[in-house]
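Enquirer: What follows is a single structure, and I will ask about it in a moment.
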Amino acid sequence: MHEKPLIEMRCYRLHAGKAQTFEKLMQEQSLPLLRSSGCEVVYVGASLDKPEHYVLIRAYQDLADREQSQQAFYSSAAWREGPRAAILDCIESSVDFLQQRSVLTNIFTKVNHE
């Protein structure tokens, strides 16, 4: 399988007391929608030390693929009429980090060999 070269890490800071609700919504509603829309979800989960910090890692072919994929997903009726409001209610803030998969692979390979 060809790995998509662009990695997006979307890091969320959740409102106090919302981590369990967010996790349930992600696992039961948002992730199935993302995957059924063709999005490659690499990883999703809470930080080991701070459950109110959460990450969603997705892969794309390039910036145009990311734009098209997110536009299609976030404008879909399934998202807007589905878990959108409940998920947004859990999120205090978020930040996206984009990087080439090869750069991240090189970093982790170097760390594992030191």
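The values are calculated or read from the model by the stated rules, or taken from the named source; none is laboratory data. Just so we're clear, the structure is a prediction, and the values are computed from it rather than from any experiment. Glycine also receives a Cβ, built like all others from the backbone with ideal geometry; neighbour counts cover every protein chain displayed.
Enquirer: Here is a check on your reading of the model: is residue 78 in contact with a helix residue (DSSP H, G or I) (Cβ under 6 Å, 6 or more places away or on another chain) and either buried (at least 16 other Cβ atoms within 10 Å of the Cβ) or in a helix (DSSP H, G or I) (or both)? Walk me through how you get there before you give the answer.
Expert: Details: in contact with a helix residue (DSSP H, G or I) (Cβ under 6 Å, 6 or more places away or on another chain): yes; either buried (at least 16 other Cβ atoms within 10 Å of the Cβ) or in a helix (DSSP H, G or I) (or both): yes.
So residue 78 fits the description; yes.
Enquirer: Quick check on residue 38: is it of a type in the set (Gly, Ala, Ser) and either touching a Pro at 6+ places or on another chain (Cβ under 8 Å) or assigned to a strand (DSSP E or B) (or both)? Give the derivation first.
Expert: Working: of a type in the set (Gly, Ala, Ser): yes; either touching a Pro at 6+ places or on another chain (Cβ under 8 Å) or assigned to a strand (DSSP E or B) (or both): no.
No: the conditions fail for residue 38.
Enquirer: I need the full set of residues from the range 44-64 which are surrounded by fewer than 17 Cβ atoms within 10 Å (Cβ to Cβ), within 15 Å of the chain's Cα centre (by Cα) and either at pLDDT below 95 or of a type in the set (Gly, Ala, Ser) (or both), in order please. Spell out how you get there, then give the answer.
Expert: Kept after step one, since they are surrounded by fewer than 17 Cβ atoms within 10 Å (Cβ to Cβ), are these residues of the range 44-64: 45, 47-51, 53, 55, 61-64.
If we keep only those that are within 15 Å of the chain's Cα centre (by Cα) too, we end up with 45, 47, 53, 55.
Residues satisfying the conditions are 45, 47.
Enquirer: Quick one: in the range 1-20, of everything that is out of contact with any His (no Cβ under 8 Å at 6 or more places or on another chain) and part of a strand (DSSP E or B), which residue is surrounded by the most Cβ atoms within 10 Å (Cβ to Cβ)? Spell out the reasoning first.
Expert: Just the residues of the range 1-20 that are out of contact with any His (no Cβ under 8 Å at 6 or more places or on another chain), to begin with: 1-10, 15-20.
With the extra rule that they be part of a strand (DSSP E or B), the set shrinks to 6-10.
Numbers: 6: 17, 7: 22, 8: 18, 9: 16, 10: 15.
Ranking the qualifying residues of the range 1-20, first place goes to 7.
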